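Scroll down for the structure; my scribbles are underneath it.
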Amino acid sequence: MDVKITPPSEPFPGTVHPTDGGGVLVSSLDEVINWARSNSLWPLVFGTSCCAIEMMSTAAAKYDFSRFGFEVARATPRQADVIIIAGTIVNKMAPVLKRLFDQMPDPKYVIAMGACATSGGPFFYNTYSVVKGADHIIPVDVYVAGCPPRPEALLHALITLQEKIKSGLTRDQIRGEMKAHGN
Amino acid sequence: MFEQVSTSENGELVINVGPQHPATHGVLHLLITLNGETVTKLEPNLGYIHRSIEKMCESLSYRQFIYTTSRMDYLSSHINNHACALTVESALQIEIPERAEYIRVIMSELTRMASHQLWWGAMAMDLGALSPFFYAFRERESINDIMEETCGARLTMNYFVPGGVMYDLHPNFVAKVKEFIVFFKSKIDEYDELLTGNIIFQNRMKNIGIISKEDAISYGCTGPTARGSGVSCDIRKIYPYSIYQKLDFDEVIEHGCDSFSRYQVRMKEMRQSLKIIEQLIDNIPKGEFQAKTKAVLKLPKGEFYTRVETARGELGVYIVSEGGTSPYRIKFRSPGFSNLSALEHMVKGHKIGDLVAIMGTLDLVIPDIDR
Amino acid sequence: MITFLKQYFKDIYQAISSLLKGMKLTGYYFTHHKEIITQQYPDNKSTLVLPERFRGEVVMLHDENNEHACTGCSACELACPNGTIKIINKFEVNAEGKKKKAIDAFVYHLELCTMCNLCIVACPTDAIKMAQTFEHSVFDRSLLTKQLNKPNSKLREGVE
Amino acid sequence: MGTEELIQSIQSMFPDASINMGNNFPELVIEKDSLLSVLNQLKSEPTLAFDYLFCETCVDWKSHLTMVYHLDSTRFRHNLVIKTNLDAQAPEIESACHLYRTAELHEREIFDLFGVKFLNHPHLRRILLTDDWKGHPLRKDYDDPINMIKL
């Protein structure tokens, strides 16, 4: 069956028309919004295995990620901004993770914590049920290595994510810039 | 796969708890049938963290497979490693130096305490008391610091190797552990003051999740879950391994059969662990910390089974060897798996709100169940 | 009826008094903050000292002449349980005209590494060790795959 | 009761079966059809009282499968291993979950990973893997070229 998509004769309501130079007011407002966003990231409580314990340690008194505004850990994806994938993702869990990610409101960010979430880690070879990296399912912003990473390493990842949000760049733009700088 | 909220013919409601739920401490999926608010049926759906460790171990050597077990029950990773090392040592008849035995037992008991602390904080948080979580983690961090100094990691150590331990103790270890014993003794009294003595908490926990002694045995419950029902099942006492038979400690048994007695067993076990460490810490013998072993370990043909007591119950490691460098078949009998099977029996007839209070006292670690 | 009411009020009294007992403890810690254990992580970077045994990542030691001790024997590659290390060897012709094995690239997949220390134990020449670095956050996963031998580095004299 | 005595008394109970000492526990090899009656006798005999099944698993020997039951007595503290061989193509055995409740989950796991069919099991379904999974991964001939990366 052939379906032809005909372009609409008049612009879709709400379409943003590009303007030359952009507005001074709007772009500085963007920066304020990005700054505010980066300092009130609410993580989703999503721990599947060992890394979840280190995530709890980060939330507890000694490391205390509420110093950066992350303390409002939510159990529902509809109230969360960032999903910290703490632990292995297996084939049975993958659709659940995708669904949780889809349920989160935009803008949403993803941190892959630990070896399992980054690449399958200890369960990369000779396993039949492990997803080899959470980025096969959902796009990941920041990867943290370690098995499990120290709480400080998770804090470092969160600060890295903050930098990214403040810069206002997308994932592809950051990768493009990294390539331009020869990384 | 996702069974939606539905009503059965007789008007009963089927709801899903999990796999993403804050009170299941991981990715446990429970299908619960409700009649009004009363649970009539509960069915666990596992496998959301099934990482095929048993298949993986079939292609790893006897030195390598130990690290996967730290990721199985990550809260008692030292004890898991101990079980694997013991199996290999008993099969090869390696004598391990006494110093290594002492180090192993001290480390195991520290792990047990850290695990119970985390359980205490997390369970209280599930019931709505937030501050115990922070108190528990404060003490847990001091154990983690001790571990990190000697073992090099905070959670998944890989410190016990066949033949002994990987490094010698750090020079600060003894002093730090002694400091910790004094520190933690006062804190454990605070725990009791904060939560155990609280009447509201007691009323919430008493007379729910009842499992009789016979049922606990039939369901294969072990660890504090079974000892709360009066079953004597502490492997450290009944089939002593390592140097446990030389030590003076009590097996904590409560006869209440309900959630509160399981709670009390764990609280008292922490004191027993302190007692064990106190006996050992002053007289760690000098000498080697690792026995001389061959570079490539080959187990003789046969079957080997070792049982140890983790913080959650009895862990069994069953290795079938064909004489090669890697196991032919390996089976981990994990404590959580059997304890979970009793959950339906405990919850049936109770209100859905009590589910969390009952599940909290089982102290489930889901990767341990799924492996 | 009287006994019931008595019990009822007694229960309320007990509940409140035991609750206050716990609250007293929290109140004590709230007002006596002499033992602050919170670490100021990004600000204390200069003073943060990790235990020397802490396993952060595998590094290869190079001396001031850009020489290392790795002979390319692949003992670490065999000891690694999950294929974190890949050694690519090359053959160099030395001054006497003999072919000699040397490492071309020591590839280390940090994203797979579980810091189990088995490679360090296996290394016969102590060429690699565990470093205490832990800040491994990156935007792109391919950056975690590293080559540990520095460019143009050589095998140190006398290491077999 | 010592191990020697235990072996003798079990041998006298089941003269057809072979029993010998393994590395850790005495091992009793029986026919698969007699499993339930053997377990029943071991559990109800007051001098043995094997009331606790602490491990149930399966081993794939390529030519056949072996079911392994580890039994313990909480009263006398003696152990016994029961082994029985199953056919590799169509493995079938009676379920032990009416005698030991813990067997219910263990048998579902064995069904999932080995494909052993347990007769009279209340709900024999896959437990760890998804319902549409093909094959039984702990079998030696299992191969999954998509998910399994061989080292």
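The values are calculated or read from the model by the stated rules, or taken from the named source; none is laboratory data. Keep in mind that this is a model prediction, so the values were computed, not measured. Backbone-built Cβ (ideal geometry, glycine too); neighbour counts: all protein chains shown. The area values use the complete protein model at the heavy-atom level, side chains included, leaving out ligands, DNA and RNA. Shrake-Rupley method; radii C 1.70, N 1.55, O 1.52, S 1.80 Å.
At-a-glance table
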quantity: Verdict on B:Thr87 being part of a helix (DSSP H, G or I), within 14 Å of chain D (Cβ to nearest Cβ), crowded, with 22+ Cβ neighbours inside 10 Å and not acidic (Asp, Glu); calculated: yes
quantity: Residue count for segment C:35-58, restricted to those that are within 18 Å of the chain's Cα centre (by Cα), of a type in the set (A, V, I, L, M, F, W, C) and more than 9 Å from chain B (Cβ to nearest Cβ); calculated: 3
quantity: Test: residue in segment B:135-149 that is open to solvent by less than 10 Å² (accessible area, probe 1.4 Å), modelled with pLDDT of 85 or more and in contact with a Pro (Cβ under 7 Å, 6 or more places away or on another chain); calculated: yes
quantity: Among (1) touching a residue at least 40 places away in the same chain (Cβ under 8 Å); (2) within 13 Å of chain A (Cβ to nearest Cβ) - the single one B:Gly152 does not satisfy; calculated: (1)
quantity: Odd one out for B:Glu344, checked against (1) away from every other protein chain (no Cβ under 14 Å); (2) surrounded by fewer than 22 Cβ atoms within 10 Å (Cβ to Cβ); (3) assigned to a helix (DSSP H, G or I); calculated: (1)
quantity: Qualifying positions in segment B:271-281 - in contact (Cβ under 8 Å) with a residue 40 or more places away in the chain and out of contact with any Asp or Glu (no Cβ under 7 Å at 6 or more places or on another chain); calculated: B:Arg271, B:Leu274, B:Glu278, B:Leu280, B:Ile281
quantity: Helices (runs of 4 or more DSSP H) enclosed by segment B:199-296 - at least 2 residues per element that are over 18 Å from the mean Cα position of the chain (by Cα) and under 26 Å from B:Gly353 (Cα atoms); calculated: B:199-205, B:213-218
quantity: Residue in segment D:96-110 that is surrounded by fewer than 14 Cβ atoms within 10 Å (Cβ to Cβ) and within 26 Å of B:Asp368 (Cβ to Cβ) present; calculated: no
quantity: Which listed residue is away from chain A (no Cβ under 14 Å) and under 27 Å from A:Ala75 (Cβ atoms), from B:Leu127, B:Leu110; calculated: B:Leu127
quantity: Selection from segment B:352-371 of residues that are open to solvent by 10 Å² or more (accessible area, probe 1.4 Å) and out of contact with any Leu (no Cβ under 9 Å at 6 or more places or on another chain); calculated: B:Gly353, B:Asp354
quantity: Breaking point among (1) away from chain B (no Cβ under 11 Å); (2) within 28 Å of A:Leu155 (Cα to Cα); (3) surrounded by 15 or more Cβ atoms within 10 Å (Cβ to Cβ), for C:Tyr29; calculated: (1)
quantity: Failed criterion for B:Tyr62 (all others in (1) under 22 Å from the mean Cα position of the chain (by Cα); (2) open to solvent by less than 10 Å² (accessible area, probe 1.4 Å); (3) not acidic (Asp, Glu) hold); calculated: (1)
quantity: Identity of the residue in segment C:108-129, of a type in the set (Val, Ile, Thr) and assigned to a loop (DSSP other than H, G, I, E, B), that ends up nearest to B:Thr150 (Cα to Cα); calculated: C:Thr114
quantity: Of the criteria (1) open to solvent by less than 10 Å² (accessible area, probe 1.4 Å); (2) not in a helix (DSSP H, G or I), which one B:Ser77 fails; calculated: (2)
quantity: Some residue of segment B:196-217 being touching a Leu at 6+ places or on another chain (Cβ under 7 Å) and under 22 Å from B:Arg312 (Cα atoms); calculated: no
quantity: Cross-chain or 6+ apart pairs with Cβ under 8 Å, segment A:155-183 first and modelled with pLDDT of 80 or more, then open to solvent by 80 Å² or more (accessible area, probe 1.4 Å); calculated: A:Ile165/A:Arg37; A:Lys166/A:Glu31; A:Lys166/A:Trp35
quantity: The lone exception for C:Ala102 - which of (1) open to solvent by less than 30 Å² (accessible area, probe 1.4 Å); (2) within 14 Å of another protein chain (Cβ to nearest Cβ) it fails; calculated: (2)
quantity: Segment A:76-102, subset at the interface with chain B (Cβ under 10 Å from one of its Cβ atoms) and open to solvent by 40 Å² or more (accessible area, probe 1.4 Å), residue farthest from A:Gly121 (Cα to Cα); calculated: A:Thr76
quantity: Some residue of segment B:55-64 being assigned to a strand (DSSP E or B) and more than 13 Å from chain D (Cβ to nearest Cβ); calculated: no
quantity: Residue in segment B:255-267 that is at positive phi, touching a Cys at 6+ places or on another chain (Cβ under 8 Å) and either open to solvent by 20 Å² or more (accessible area, probe 1.4 Å) or assigned by TED's automatic domain parsing to the domain that holds B:Val365 (or both) present; calculated: no
quantity: Scan of segment B:292-320 for residues that are surrounded by fewer than 16 Cβ atoms within 10 Å (Cβ to Cβ) and touching an Asp or Glu at 6+ places or on another chain (Cβ under 8 Å), ordered by number; calculated: B:Lys301
quantity: When residues of segment B:188-214 are limited to those that are in contact (Cβ under 8 Å) with a residue 12 or more places away in the chain, over 18 Å from C:Ser18 (Cβ atoms) and surrounded by fewer than 17 Cβ atoms within 10 Å (Cβ to Cβ), the one nearest to the other protein chains (Cβ to nearest Cβ); calculated: B:Lys213
quantity: Number of the condition not met by A:Phe68 [criteria: (1) open to solvent by less than 20 Å² (accessible area, probe 1.4 Å); (2) within 30 Å of B:Asp145 (Cα to Cα); (3) more than 10 Å from chain B (Cβ to nearest Cβ)]; calculated: (1)
quantity: Subset of segment C:66-83 that is in contact (Cβ under 8 Å) with a residue 40 or more places away in the chain and assigned to a loop (DSSP other than H, G, I, E, B) - its residue that is farthest from the other protein chains (Cβ to nearest Cβ); calculated: C:Asn66
quantity: Residue tally, condition touching a strand residue (DSSP E or B) at 6+ places or on another chain (Cβ under 7 Å) and small (Gly, Ala, Ser), over segment B:279-315; calculated: 2
quantity: Tally, over segment B:28-54, of residues that are more than 12 Å from chain D (Cβ to nearest Cβ) and assigned to a strand (DSSP E or B); calculated: 9
quantity: Segment B:134-160: number of residues that are outside any helix (DSSP H, G or I) and of a type in the set (Lys, Arg); calculated: 1
quantity: Conditions (1) in a loop (DSSP other than H, G, I, E, B); (2) touching a Lys or Arg at 6+ places or on another chain (Cβ under 8 Å): number failed by B:Ser326; calculated: (2)
quantity: Residue check for C:Phe54: of a type in the set (Phe, Trp, Tyr), over 22 Å from B:Val296 (Cα atoms) and not in a loop (DSSP other than H, G, I, E, B); calculated: no
